[in-house]
Every structure is written in C-alpha cells, then in structure tokens.
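Asker: Here it is, the structure, as structure tokens.
The values are calculated or read from the model by the stated rules, or taken from the named source; none is laboratory data. Here the structure is a predicted model, which means the values were calculated and not measured. Cβ coordinates were reconstructed from backbone atoms using ideal geometry, including for glycine residues, and neighbour counts include every protein chain displayed. To get the accessible areas, we keep the full protein, side chains included, count just its heavy atoms, and leave off ligands, DNA and RNA. Shrake-Rupley method; radii C 1.70, N 1.55, O 1.52, S 1.80 Å.
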Amino acid sequence: MVKSYRPDTLPEALKLMETRDMIPFAGGTDLMVKYQSWKGTLPGFPKDVLFLNYISSLKKIEVKGETLVIGAGVTLSDVADYPETPKVLRDAVLSIAAPGIRNIATLSGNICNASPAGDSICALYALDASVVLSKSGGNRECALPEFITGPGKTSLNSGELLTAVKIPLKKANVQEFRKVGTRKANALSKLSFSAVAEIKGDTVDGIALAFGAVGPTVIRSTELEKKLTGKTLEQIKLIQKDIMNDYSAMIVPIDDQRSTAAYRKQVALNLLKNFLESGLVQEMQ
Ligand SMILES: Cc1cc2nc3c(=O)[nH]c(=O)nc-3n(C[C@H](O)[C@H](O)[C@H](O)COP(=O)(O)OP(=O)(O)OC[C@H]3O[C@@H](n4cnc5c(N)ncnc54)[C@H](O)[C@@H]3O)c2cc1C
C-alpha cells in the first residue's frame, strides 16, 4: 500500500528521501493529472508520496545580495506578487493556468515537471537561473540547462530535492514574454518566447533570447546572442537576416495535439523578428 509522509522540516524530508523511494509532491497540479484514476477513485500513485507543502523554510522568497532566491514551496502567485521578481518571469508565471492553480502550484514543480511547454522555464532560461539541489549530505547548484535534460527528464539524483531557484538580478531594461496558446487561461503553450536585454544608448549591452515548446528543451543560443551584443540598431538590421536563418536552423519543433511543427516554427520566428524590429527599438529610441 502507498504511504504518504508530511514532514515539517527540510532535514526530516531529506532523511525520508534518503531512506525511501518517494514522489515529492508540491502543489500536486501536475501529479494529480498524471496519476488521476479514470475510475473516479483516488489518484493511483505508484510510490509513496512526500508532501512538501508543510515545510515553512521552503516558502521563502527573498533577495540575497544580487540574487533572487525562491524556495521550492513558493507558489506561482507568490512569485508573481513579489516586487523584485523580474518582469519576464512575472509575465510567464501569470500566463500559467488560472488563479486557483497558481495559488497552489509552485515554481519548482513547474521546473521539475520539465515539460518543453513549461512557461516559467522559458523565462528562467533567459534569466540564467540555476537550481539548488539538496540531499542529506549537502547541496549542489546546477544551471537550468544542465538540470533539464529532456522532456519530463531532469538530472535530479536519487535522494535529492530541489530546494531553491536562484536568479541573478542583472540590469535588463527590456523584458518580454510571449505565449501562444489556444486561449488565455488554462491553455498550455503551443510555443513561448522570452527576451531579456540591456540597452545602453543605442547599443545592445547584453541580450538573452529563449524559445519554449519548439524543441525537447528550451532553445537558447549564447553564440547568436554574442553576435547581437555590442551592436547598434542599424547594425542589427544588417545582420538580422543571418541571425533569423541561424535561429531557423535551431528551431525544430514537433507536431502534437496542441499544434503543428510548421506553425510553431513560423510563429517563433515571427516573434523573434517582431522583437528585433520593434521590441528592442522601443527602448533604443
Ligand atoms: C488546468 C491546468 C492548467 C495548467 N496550465 C499550465 C500552463 O499554462 N503552463 C505551464 O507551464 N503549466 C501548466 N500547468 C501545469 C502545472 O500547473 C505547473 O507545471 C505547476 O507549476 C506544477 O507545480 P506543482 O507544485 O503543482 O507541482 P507538482 O504537481 O507537485 O509536481 C510536479 C513534478 O515536480 C516534482 N517536484 C515538485 N517539487 C519538487 C521538489 N521540490 N524537488 C523535486 N521534485 C519536485 C514532482 O514529483 C512532480 O514530478 C497546468 C496544470 C493544470 C492542471
């Protein structure tokens, strides 16, 4: 029979994770769908369940030095409400589901679910976020692209829990999140786009561009971002065609029940074009 555990402290939770094979349960908004029972009975969890939502130390969101640290128990609503949350992440979080879900779903749950359509993940890639992974013996930190290894797959080791998300609070006077879905609420992304840039005068001082749901994991190219960095608007116009071609080669989506590969690719490139031609321009002028 499946057992459930409800620790009040992190050390207690990590001890349990060390000794048993368990499913961590945060808000449960992905898990309750994944293990729902069509017979109308209780969900059919295949393993013991570890409830994380009574651990108060995981519910902190705070700025430490130059870093925003979001505990694993912080809900999407709390992330959206926090004044220091970068705009691109706030907009991504507010595009997820509807208020009722956001009030219990966590940012960490969205990350650990590792869906290519996970909206916060697209924004977090553009923000250079990392995750803190803890086990009884200690912590390790992992950049998001190293943590998410494929659709539904992460590099979380046995006995580990994700305990915090860290976001370096860099200067970024342009931040944009765009989600394309069937409707505004309760719709998973057909694709998403996140852009974070710092414009000084008429020059791009730094830029990060991320595309969600158009590949097995979020697509981001620091190499192409380097080609845009240090350029003025006029110079970007001259290289825009080449940049678009390079992104086009990288964006290789699939057909699924939500969209076709052709639609995803075309719209992702349209969002990029629109950003390069008007998103950046607004700040530069
Ligand atoms: C109606 C509906 C609409 C939705 N709309 C969207 C949407 O628009 N965009 C979107 O991105 N998502 C959407 N979702 C998916 C879901 O709500 C989010 O992914 C949510 O952020 C998951 O958080 P949670 O706390 O509920 O995770 P849970 O369901 O508790 O867990 C998700 C996964 O993460 C693991 N996990 C959770 N916390 C930890 C931890 N601390 N350490 C290790 N593993 C952990 C769990 O074991 C599980 O595998 C929707 C879901 C529903 C039901």
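Asker: For region 181-191, indicate whether the set of residues that are open to solvent by 60 Å² or more (accessible area, probe 1.4 Å), farther than 27 Å from residue 278 by Cα and assigned by TED's automatic domain parsing to the domain that holds residue 266 is non-empty.
Answerer: Residues of region 181-191 that are open to solvent by 60 Å² or more (accessible area, probe 1.4 Å), as a first pass: 182-184, 186, 188.
Retained after the next criterion (residues that are farther than 27 Å from residue 278 by Cα): 186.
Remaining after also requiring assigned by TED's automatic domain parsing to the domain that holds residue 266: 186.
Looking through region 181-191, at least one residue is open to solvent by 60 Å² or more (accessible area, probe 1.4 Å), farther than 27 Å from residue 278 by Cα and assigned by TED's automatic domain parsing to the domain that holds residue 266.
Asker: Residue pairs, Cβ under 8 Å, 6 or more apart or interchain, first in region 92-117 and more than 12 Å from residue 192 (Cα to Cα) and open to solvent by 20 Å² or more (accessible area, probe 1.4 Å), second of a type in the set (Val, Ile, Thr) and more than 6 Å from the ligand (Cβ to nearest atom). List them.
Answerer: Short answer, once both residue conditions are applied: 102/75; 102/93; 103/75; 104/75; 110/121; 112/154; 115/121.
Asker: Please verify whether residue 225 is in contact with an Asp or Glu (Cβ under 8 Å, 6 or more places away or on another chain) and either buried (at least 17 other Cβ atoms within 10 Å of the Cβ) or closer than 20 Å to residue 122 by Cα (or both), treating the condition exactly as stated. Full working, then the answer.
Answerer: Numbers: in contact with an Asp or Glu (Cβ under 8 Å, 6 or more places away or on another chain): no; either buried (at least 17 other Cβ atoms within 10 Å of the Cβ) or closer than 20 Å to residue 122 by Cα (or both): yes.
So residue 225 does not fit the description; no.
Asker: Is it true that some residue in region 163-179 is out of contact with any Cys (no Cβ under 6 Å at 6 or more places or on another chain), near the ligand (Cβ under 8 Å from one of its atoms) and not assigned by TED's automatic domain parsing to the domain that holds residue 212?
Answerer: Looking through region 163-179, at least one residue is out of contact with any Cys (no Cβ under 6 Å at 6 or more places or on another chain), near the ligand (Cβ under 8 Å from one of its atoms) and not assigned by TED's automatic domain parsing to the domain that holds residue 212.
Asker: Looking for something at pLDDT 95 or above, part of a strand (DSSP E or B) and more than 17 Å from the chain's Cα centre (by Cα) - is there at least one such residue anywhere in region 168-179?
Answerer: Checked region 168-179: at least one residue is at pLDDT 95 or above, part of a strand (DSSP E or B) and more than 17 Å from the chain's Cα centre (by Cα).
Asker: For region 192-204, indicate whether the set of residues that are within 16 Å of the ligand (Cβ to nearest atom) and touching a Gly at 6+ places or on another chain (Cβ under 6 Å) is non-empty. Give the steps one after another, and end with the answer.
Answerer: Our first condition is that a residue be within 16 Å of the ligand (Cβ to nearest atom); within region 192-204, this holds for 192-194.
Now narrow it down to the ones that are touching a Gly at 6+ places or on another chain (Cβ under 6 Å): 192.
Within region 192-204 (the criterion being within 16 Å of the ligand (Cβ to nearest atom) and touching a Gly at 6+ places or on another chain (Cβ under 6 Å)), the answer is yes, since at least one residue qualifies.
Asker: Let me ask something else. Kindly state which helices (runs of 4 or more DSSP H) lie completely within region 86-137 and contain at least 1 residues that are more than 9 Å from the ligand (Cβ to nearest atom).
Answerer: Details: elements: 87-94, 99-102, 107-113, 119-126.
Those helices (runs of 4 or more DSSP H) span 87-94, 99-102, 119-126.
Asker: I would also like to ask the following. Look at region 135-163 and say how many of its residues are of a type in the set (A, V, I, L, M) and either open to solvent by 60 Å² or more (accessible area, probe 1.4 Å) or in contact with a Leu (Cβ under 8 Å, 6 or more places away or on another chain) (or both). Talk me through it step by step, then tell me what you get.
Answerer: Taking region 135-163 first, the residues of a type in the set (A, V, I, L, M) are 143-144, 148, 156, 161-162.
From the residues that got through so far, the ones that are either open to solvent by 60 Å² or more (accessible area, probe 1.4 Å) or in contact with a Leu (Cβ under 8 Å, 6 or more places away or on another chain) (or both) too are 144, 156, 161-162.
Summing the residues that are of a type in the set (A, V, I, L, M) and either open to solvent by 60 Å² or more (accessible area, probe 1.4 Å) or in contact with a Leu (Cβ under 8 Å, 6 or more places away or on another chain) (or both) in region 135-163 gives 4.
Asker: Got a sec? Which of 27, 44 is surrounded by fewer than 15 Cβ atoms within 10 Å (Cβ to Cβ) and either modelled with pLDDT of 95 or more or out of contact with any His (no Cβ under 7 Å at 6 or more places or on another chain) (or both)? Show your work before the answer.
Answerer: Numbers: 27 fails: surrounded by fewer than 15 Cβ atoms within 10 Å (Cβ to Cβ).
It is 44.
Asker: Also, quick follow-up: Could you check region 229-285 for helices (runs of 4 or more DSSP H) lying wholly inside it with 3 or more residues that are closer than 20 Å to residue 171 by Cα?
Answerer: Values: elements: 233-250, 261-274, 280-284.
Hits in region 229-285: 280-284.
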